[in-house]
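Take a look at this one; I'll ask things after.
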């Protein structure tokens, strides 16, 4: 069976495009929420904190799983990959990014439910900071990528 390696430029582009789409969607969610929320003055005076606590717990679990995937599944495999096999960790990266983005979506849900920014702002900040931490830096992956010819 033929071993098909992804060209290094294409691999880098695929990682960065997917990461950027997910990372910057968090900003778009926040802007949309603030745009819609400023149109209505229906911020709850005494919001139900139980949903905030539930979503905070699920958000923390999502961040923990996201970081766990990167630390336990992606990073150890990178050193064992042959040149050109970087795409073997691509699904793991997408899942970790999606879990980090989900926390921003939890904040979006709280905002649309009428909770004040104090309830949902940290969801967006946590989500975006996690995405920055999980950015596909290729400095440590150079030896895994095949030489461009």
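Quick one: 130, 137, fewest Cβ neighbours within 10 Å first, how do they rank?
With the fewest neighbours first, 130, 137 line up as 137, 130.
How far, in nm, would the chain grow between residue 60 and residue 24 when pulled straight, counting 0.36 nm per residue and subtracting the alpha carbon separation?
10.9 nm
If you don't mind, another one. Subtracting the Cα-Cα distance from 0.36 nm times the residue separation, let me have the gained length for residue 112 to residue 133 in nm, one decimal.
The residue 112-residue 133 span can extend by a further 4.8 nm.
Read-outs: derived from the displayed coordinates by stated rules, not from any lab. All of these numbers come straight from a predicted model, not from anything done at the bench. With ideal geometry, Cβ positions are generated from the backbone for all residues, glycine too; neighbour counts draw on all protein chains shown.
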